[in-house]
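Working notes for the structure below.
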Amino acid sequence: MRAGPNSRGAADERRTRIHVVSDVHGNTEALARAGDGADALVCLGDLVLFLDYADHSRGIFPELFGVENADRIVALRTERRFEEARDFGRGLWAGLDRNAAIVSAVRKQYAELFAALPTPTYATYGNVDIPGLWPEYARSGTTVLDGERVEIGGRAFGFVGGGLRTAMRTPYEISDEEYAAKIEAVGPVDVLCTHIPPDVPELTYDTVARRFERGSRALLDAIRRTRPRYSIFGHVHQPLVRRMRIGATECVNVGHFASTGRPWVLEW
């Protein structure tokens, strides 16, 4: 969305700079700096850190059950032994109020993360987020959008949060039909912001986890039909391809912010 060549007068006009992050996963320190120098921050979700696959000592799971058990469940999931992982998890949770423990830990993370968000921030949910808790923590400078659109710097931005249903059963997974309805509600925009990518193999394959994550066919169809300038997303932490063009649309994985600490910059 960068402007083309300018005359001297046009070059003096103020430009708009947007910083975009996704998959924050508890990196509060970097999040507090993510809006520096920008007119606005866009956050595409997954604020919560349940379990860090790179450092098994970090997150809600090891805080509750220890690093050794975190090592075990990561190994099972990485090997796609999901039923065994669920059985192992059920054994750990036996006798505990799982929902109460998770919500308590998430509240603690949200209190710190939302306090770190700059003003203004435009945000949508990731698949590991708990949307019902966001109204308690989102301040007046944070606009939460899901299946909605907003104008930023004279451009139309559409936001669709959450993920599609998987064997992982993360908190905010919805049906393909519900997701498609939110894509349809957004309509044509300049920048289409989602947590998950369009359903393209190069964009959905995680090279470290060695598996395809779920992308959205409805999102891919909307990109082809409405031709936004950008489709921006996260979710896949180590994608095979971070950027590719689909017709007129530049599709960009804005990165695993938890590990990079660097926002992606959109300027026009």
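The values are calculated or read from the model by the stated rules, or taken from the named source; none is laboratory data. This one's a predicted model, so the numbers in the text were calculated from it and none came from an experiment. Using ideal geometry, Cβ is built from the backbone for each residue, glycine included, and neighbour counts are taken over all protein chains shown. Only protein heavy atoms, including side chains, enter the accessible area calculation; ligands, DNA and RNA are left aside. Shrake-Rupley method; radii C 1.70, N 1.55, O 1.52, S 1.80 Å.
With the crude spin-label approximation of a point 7 Å out along Cα→Cβ, what separation in nm comes out for Asp87 versus Glu250?
The modelled label-to-label distance comes out at 5.0 nm.
Where only protein heavy atoms count, and the probe is 1.4 Å, what is the accessible area per residue for region 125-268 in Å²?
Here the residues of region 125-268 average 43 Å² of exposed surface.
Taking region 86-149 as the region of interest, what is the percent of Cα-Cα pairs per 10 angstrom bin, listed from the shortest bin to the one with the maximum distance?
The distribution over region 86-149 is 18, 43, 24, 14, 2, given as percents.
What is the gain in length, in nm to one decimal, between Ala54 and Glu29 on full extension, counting 0.36 nm per residue of separation less the C-alpha to C-alpha distance?
Difference between extended and current length: 7.2 nm.
In nm², what is the average projected area of the convex hull enclosing the Cα atoms of region 204-243?
Numbers: hull surface 11.5 nm².
Mean projected area for region 204-243: 2.9 nm², to one decimal.
When the accessible area of region 127-268 is computed with all protein chains present and a 1.4 Å probe, what percentage of it is carbon and sulfur?
Carbon and sulfur: 48 percent of the exposed surface of region 127-268.
Got a sec? Which residues in region 46-79 would a label at Lys108 touch, if it sits 7 Å along Cα→Cβ and we count backbone N under 16 Å?
48-52, 57-67
Treat every Asp and Glu Cβ in the chain as -1 and every Lys and Arg Cβ as +1, leave all other atoms uncharged, and give the resulting dipole magnitude about the Cα centre to the nearest 20 debye.
With Lys and Arg at +1 and Asp and Glu at -1, about 620 debye.
Computed from the mean reciprocal separation of all distinct C-alpha pairs, what Kirkwood hydrodynamic radius does region 126-268 have, in Å?
With all distinct Cα pairs of region 126-268 included, I get 15.5 Å.
Using the Cα atoms of the chain to build a convex hull, what is its mean projected area in square nanometres?
Values: hull surface 56.7 nm².
Taking a quarter of the hull surface, the average projection is 14.2 nm².
When only alpha-carbon atoms count, how far does region 171-249 stretch along each of its three principal axes, as whole angstroms with the largest first?
For region 171-249, the Cα spread along each principal axis is 34, 29, 14 Å.
Run a plain Debye calculation on region 53-107 (Cα atoms as equal point scatterers, no solvent) and give log10 I(q)/I(0) at q = 0.21, 0.31 Å⁻¹, rounded to two decimals, same order as the q list.
-0.82, -1.25
Using a 10 Å cut-off on Cβ atoms, rank the peptides 53-61, 97-105 from the highest mean neighbour count down.
53-61, 97-105
Which value in deg cm²/dmol, rounded to the nearest 500, describes the helix-derived mean residue ellipticity at 222 nm for the chain, given -39,500 (n - 2.57) per DSSP H run of n ≥ 4 and division by the residue count?
The per-residue figure over the chain is -9000 deg cm²/dmol.
In region 145-213, if every C-alpha pair distance is counted and binned at 10 Å from zero, what percent goes to each bin?
The calculated distribution, bin by bin, is 19, 45, 28, 8, 0.
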